[in-house]
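For reference, the structure is listed below as structure tokens.
The values are calculated or read from the model by the stated rules, or taken from the named source; none is laboratory data. Quick caveat, the model's predicted, so the values are computed rather than measured. All Cβ positions, glycine included, derive from the backbone under ideal geometry; neighbour counts span all protein chains shown. Side chains are part of the model used for accessible areas, which takes the heavy atoms of the whole protein and leaves out ligands, DNA and RNA. Shrake-Rupley method; radii C 1.70, N 1.55, O 1.52, S 1.80 Å.
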Amino acid sequence: MIVDSQESAWDSFVQSSQDATPYHQFKWKTVINKSFGHKCHYLGAVDNNGEWQGVLPLVHMRSKLFGNFLISIPFVNYGGLLYKDEPAARLLLKEAERLRRSLGATHIELRHAGRSFNGLQTQKHKVAMFLELAADDDSQWRGFNAKLRNQIRKAEKSDLQFAVGRLELLDGFYEVFVRNMRDLGTPVYAKSFFRNVLEAFPDTTTIFAVYHETKMIAAGIGSWFKNTLEIPWASSISDYKMLCPNNMLCWEAIRFAIHNGFTRFDFGRSTPNEGTYNFKKQWGAKPVQLYWQYLVDGHKEIPNLSPSNPRYQAAIRIWQRLPIQATKVLGPMIVRNIP
């Protein structure tokens, strides 16, 4: 059944599930709809006794440039089926397929972490990187190799300063984020998206920031759920790379996690053996396979919306030359349709 108005029961099921991610929480429906205007379809499987057996959050994305599809869920790393048993999962998939047909969508993408559902077309091109945390700072520090410890010390000796806050740091975070995304050739989210995230989850989000003198040069949004702290959006200004601000940002965020009782740190998704993967691996993070699985219309191929797609390379090079102010205006109009 569609359960778009049953937030309390939905979140109770999510909290009780060991496979739940922060993005299964019902408030993400509000964040996505408010930030991007996409219609969300939240499906729940409930037995004859009224007991919840599974959930599937779906977001409908449709544009002339990128197509018409459903995804669970866009803009973040995780989502997909959350269920107690296979009959519940099958019921949710059946309803999802009915929804796909009624909307004329070409496919549904389900972003599963750590486990897959049999019988679905699957891509395994990404992993998530998780670090199991020690009980205290000193134990965690001793687990790092000498090179990593020296990089952290270099940031400290460069008089970089670390700060933790919330909405009062949003403007600074966004300026760093916009600059970094422009340099990467990637359209940027609107600032309102991050504000909506912080406001929707006031007790489980924060902003970490690194300053050089009075200038913010690296920052990330921290989010936690159950025993895990994650930084789903982080950036730094490349001009200051030699000062190792990313190392300070990660180390202080890890210390924050340890001091607040978390036992796992999520570095986010990466492509194995590429640059960000190797950066995360040096901290001791271990890969967990991500299974992006699909319900497809007939035998159609899944569109490749990745920046690595050769068809986007010219656009990326053009974007890297745009003035930052232009990317603030144009980016949100484009990225709202890129999952």
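Along Cα→Cβ, 7 Å out, is where each label goes; now give me the distance between the ones at LEU167 and ARG98 in nm to one decimal.
4.1
Using a cut-off of 17 Å between alpha-carbon atoms, which aspartates and glutamates can reach LYS191, once sequence neighbours fewer than 8 places away in the same chain are excluded?
Qualifying aspartates and glutamates at Cα under 17 Å: GLU168, ASP171, GLU175, GLU199.
Based on DSSP H runs of at least 4 residues, each adding -39500 (n - 2.57), what is the mean residue ellipticity at 222 nm of the chain after dividing by all its residues, to the nearest 500 deg cm²/dmol?
For the chain, the value works out to -11000 deg cm²/dmol.
Suppose every K and R has +1 on its Cβ and every D and E has -1 on its Cβ; what is the size of the dipole of the chain about the Cα centre, in Debye to the nearest 20?
The dipole magnitude comes to about 1180 debye.
Cross-link candidates for LYS154: which aspartates and glutamates have Cα within less than 19 Å, leaving aside residues fewer than 8 places away along the same chain?
Excluding near neighbours in sequence, the set is ASP137, ASP138, GLU213, ASP239, GLU252.
Of all the stretches in the chain, which is the longest one without any exposed loop site, taking GluC sites (Glu not before Pro) in a DSSP loop (any state but H, G, I, E, B) with at most 13 other Cβ atoms within 10 Å?
The longest uninterrupted stretch comes out as 52-212.
Hey, what's the chain come to in accessible area per residue, 1.4 Å probe, Å²?
Heavy-atom SASA per residue in the chain reads 47 Å².
Structure shown: which of LYS39/LYS215; LYS215/LYS286; LYS84/LYS226; LYS39/LYS126; LYS64/LYS226; LYS94/LYS328 lie over 30 Å apart, alpha-carbon to alpha-carbon?
LYS39/LYS215; LYS215/LYS286; LYS64/LYS226; LYS94/LYS328
Along the Cα→Cβ direction, 7 angstrom out, place labels at ALA135 and ASP19. What is the inter-label distance in nm?
3.3
By average Cβ neighbour count within 10 Å, what is the ranking of 282-293, 136-147 from highest down?
Listed from highest to lowest mean packing, they are 282-293, 136-147.
Can you put ASP203, ASP159 in order of accessible area, largest first, using a 1.4 Å probe?
Largest accessible area first, the list is ASP203, ASP159.
In square angstrom, rounded to the nearest 10, how much accessible surface does TYR211 have for a 1.4 Å probe?
For TYR211, the solvent-accessible surface is approximately 50 Å².
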